[in-house]
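One structure is given here, and the rest of the page talks about it.
The values are calculated or read from the model by the stated rules, or taken from the named source; none is laboratory data. Because the structure is a prediction, the values reported are computed rather than measured. Cβ sites come from the backbone with ideal geometry, for glycine too, and all protein chains shown count toward neighbours. Only protein heavy atoms, including side chains, enter the accessible area calculation; ligands, DNA and RNA are left aside. Shrake-Rupley method; radii C 1.70, N 1.55, O 1.52, S 1.80 Å.
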Amino acid sequence: MKKTGILNPALNAGLSRLGHGHMVVIADCGLPLPAAGPVVDLALVQGVPRFTEVLDAVLVELEVEASTAAAETGPKVLGWLEQRGLQPGLISHEELKALLPQAALIIRTGEATPYANVMLRCGVPF
């Protein structure tokens with residue numbers, strides 16, 4: 001049995017397949033997801049798991065070279081991102097949604113804070 005790190009098998013598999021330049025989206029529970037695609041749905045009930053809990057767990061596992069968020073994102077969510085060393089480029093929420101089919105992995109959380117979504121671009125640790 002795995003002792004540490006992410007225990008969810010689908011999330012582990014999704015993260016393990018990522019390479020340089022791949023995009024990963026961590027989404028709130030309201031973001032409209034593509035009908036087909038690499039989605040790992042962690043949402044249990046509204047608020048569980050929280051966006052920050054999932055983001056923190058993913059950042060331990062993933063090398064991130066850039067991030068993107070919606071321009072409509074409020075200071076609360078931007079603060080969460082900045083506290084974790086992310087300085088997201090901002091695009092419209094509509095543009096962010098249009099990029100979802102290009103994501104190598106989308107992780108849906110139970111977060112109910114508006115615009116609590118971030119797109120992470122994978123880097124390399126060497």
Margin query: Quick check for me: using +1 on Lys/Arg Cβ and -1 on Asp/Glu Cβ, what's the dipole size of the range 16-81 about its Cα centre, in debye to the nearest 20?
Written below: 100
Margin query: Let me spell out the model: positive unit charges on the Cβ of Lys and Arg, negative unit charges on the Cβ of Asp and Glu, origin at the Cα centre of the chain. What dipole size does that give, in debye rounded to 20?
Written below: 320
Note to self: Counting each pair of different Cα atoms once, what's the Kirkwood radius of the range 1-79 in Å, rounded to one decimal?
What the structure shows: 14.2
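With every protein chain left in place, what is the accessible area per residue of the chain in square angstrom, probe 1.4 Å? Please report the intermediate quantities before stating the final value.
Numbers: 6680 Å² over 126 residues.
Per residue, the chain has 53 Å² of solvent-accessible surface.
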Next item on the list: Report Rg (one decimal) and Dmax (nearest whole number) for the range 72-119, counting Cα atoms only, units Å.
Entry: 11.0, 28
Check: So what is the 222 nm mean residue ellipticity for the chain from helices alone, if each DSSP H run of at least 4 adds -39500 (n - 2.57) and you divide by all residues, rounding to the nearest 500 deg cm²/dmol?
Finding: -7500 deg cm²/dmol
Next item on the list: With unit charges on the beta carbon (Lys/Arg positive, Asp/Glu negative), name the residue among 86, 55, 12 whose Cα is farthest towards the positive pole of the charge dipole of the chain.
Entry: 12
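Where in the chain are the DSSP H helices whose C-alpha atoms run 15 Å or more along the long axis and whose mean Kyte hydropathy is at least 1.6?
On the way: long enough: 51-61 (16 Å, 1.24).
Result, helices passing both filters: zero.
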Note to self: Skipping prolines and chain starts, which residues have an amide H placed within reach, meaning under 5 Å, of the one on residue 39, given they are 5 or more residues away or on another chain?
What the structure shows: 106
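More than 18 Å apart: what percent of Cα pairs in the range 24-126 qualify?
More than 18 Å apart: 41 percent of the Cα pairs in the range 24-126.
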Notebook entry, point to check: How many angstrom lie between the C-alpha centres of the range 93-126 and the range 55-78?
Noted result: 8
